Amino acid sequence: MLLGPPGAGKGTMAGGLANSAGLAVFVTGDVLRAAIAGGSELGIKVKSTVEAGRLVDDETILSLAQEFLRTHSQGALFDGFPRTIKQAEGLRSLLSAEDELRVVYLDTSKETIVARLGARRVCPECGRIYNVRFKPPRNDEICDDCNASLICRKDDTDEVIKSRYELYLAETAPLVNYFSEELLKVNGDLPGEEVLEIVRGELCPA
Ligand SMILES: [Zn+2]
């Protein structure tokens, strides 16, 4: 499982870890979309919930997690789930005695998150995402693909990033506490590659 605020690099970490440990990645949004596309009974229920603009309930998410674990016997990496203690308890109840649960917490400072997300730019034409510090376009503030001027999304302004960060901490503190036995706390302020090496060393010893 991965815990960390938006901008902590969970996506990069999930990709890298899944590769080296041979795990299937469970990203809630992707799994919901796949369920809808699959058209199962559960998928139809998810579709009507999402279309009504409501949040998918804990029970449904847990059913999807259970199905995911059943169909990915090599092991799963959960990114963005569980979000609540109730979901965490549900996930624990899905695991058998042989299953090993590890929780990676990307402990990342507000300054780092603001620096990373505040440097994000998006192309209004094609949607490509850049980072003026880490992944800049070839020409300053201009999209490589379609030459449009890049924009800063409204939810990437410093004030919005800071309030999202505070909200995240408030929501996640109980989970960090709940998983204290399984927790591997890593300094998320380090560059992504370094963080990945540390986590790999801990979770997949050669
Ligand atoms: Zn573009």
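The values are calculated or read from the model by the stated rules, or taken from the named source; none is laboratory data. Keep in mind it's a predicted model, so treat the numbers as computed, not measured. Every residue, glycine among them, receives a Cβ derived from its backbone with ideal geometry; neighbour counts consider all protein chains shown. Surface accessibility is based on the protein's heavy atoms, side chains included, excluding ligands, DNA and RNA. Shrake-Rupley method; radii C 1.70, N 1.55, O 1.52, S 1.80 Å.
To the nearest 20 Debye, how big is the dipole of the chain about its Cα centre, given +1 on the beta carbon of each Lys and Arg and -1 on that of each Asp and Glu? Could the numbers behind the result be given before it?
Numbers: 24 positive and 32 negative charges, 87 e Å.
It comes to approximately 420 debye.
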> For the charge dipole of the range 11-152, defined by +1 on Lys and Arg C-beta atoms and -1 on Asp and Glu C-beta atoms about the Cα centroid, which residue among Ser63, Met13, Ser48 has the Cα displaced farthest towards the positive pole?
Replying inline: Met13
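Kindly provide the trypsin sites (Lys or Arg not before Pro) of the range 1-104 that DSSP labels as loop, not H, G, I, E or B, and whose Cβ sees at most 11 other Cβ atoms within 10 Å.
Within the range 1-104, the qualifying trypsin sites (Lys or Arg not before Pro) (loop, at most 11 other Cβ atoms within 10 Å) are Arg54.
Which whole-number percent is the relative contact order of the range 1-73 (Cα, under 8 Å, 6+ apart)? Intermediate values should be presented prior to the final figure.
On the way: 31 pairs, mean separation 13.9, N = 73.
Computed over the range 1-73, the figure is 19 percent.
With loop defined by DSSP as not H, G, I, E or B, and exposure as at most 16 other Cβ atoms within 10 Å, which is the longest segment of the chain clear of exposed GluC sites (Glu not before Pro)?
That gives 1-97 as the longest site-free run.
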>> Just to be sure I understand: with springs between alpha-carbon atoms less than 10 Å apart, which residue in Leu196, Leu150, Leu91 has the highest mean-square fluctuation in the Gaussian network model of the chain?
In response: Leu150
> Using alpha carbons only, how many degrees (0 to 90, rounded to 10) separate the axis of helix 192-203 from the longest principal axis of the chain?
Replying inline: 20
>> Between Ala24 and Ser149, how high is the FRET efficiency from 1/(1 + (r/R0)^6) when r is the Cβ-Cβ distance and R₀ = 41 Å? Nearest 0.05.
In response: 0.55
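For the chain, what ratio Rg/Rh do Cα atoms give with a Kirkwood hydrodynamic radius? All intermediate terms of the calculation are to be shown ahead of the outcome.
Working: Rg = 18.4 Å, Rh = 18.7 Å.
Looking at the chain, the ratio lands at 0.98.
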> Cα axis of helix 41-51 to longest principal axis of the chain: angle in degrees, 0 to 90, nearest 10?
Replying inline: 40
> What fraction of the DSSP beta bridges in the range 47-206 is antiparallel, stated in percent and rounded to the nearest 5?
Replying inline: 60
> Tell me which lysines have Cα within less than 17 Å of Lys162's Cα, excluding those fewer than 8 residues away on the same chain?
Replying inline: Lys110, Lys154
> Label-point separation (nm) for Asn177 and Glu197, each offset 7 Å from Cα along Cα-to-Cβ?
Replying inline: 3.6
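Suppose all protein chains stay in the model; what accessible area per residue would a 1.4 Å probe give for the range 74-141, in Å²? Walk me through the numbers on the way to the answer.
Working: 3780 Å² over 68 residues.
Here the per-residue accessible area is 56 Å².
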> For the range 145-188, which semi-axes, largest first and in whole Å, follow from the square roots of 5 times the eigenvalues of its Cα gyration tensor?
Replying inline: 34, 15, 7
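Using a probe of 1.4 angstrom, how much of the accessible area of the chain is carbon and sulfur, in percent? Kindly include the intermediate steps, with their values, before the conclusion.
Details: 5990 of 11660 Å².
After summing per-atom areas, the C and S share lands at 51 percent.
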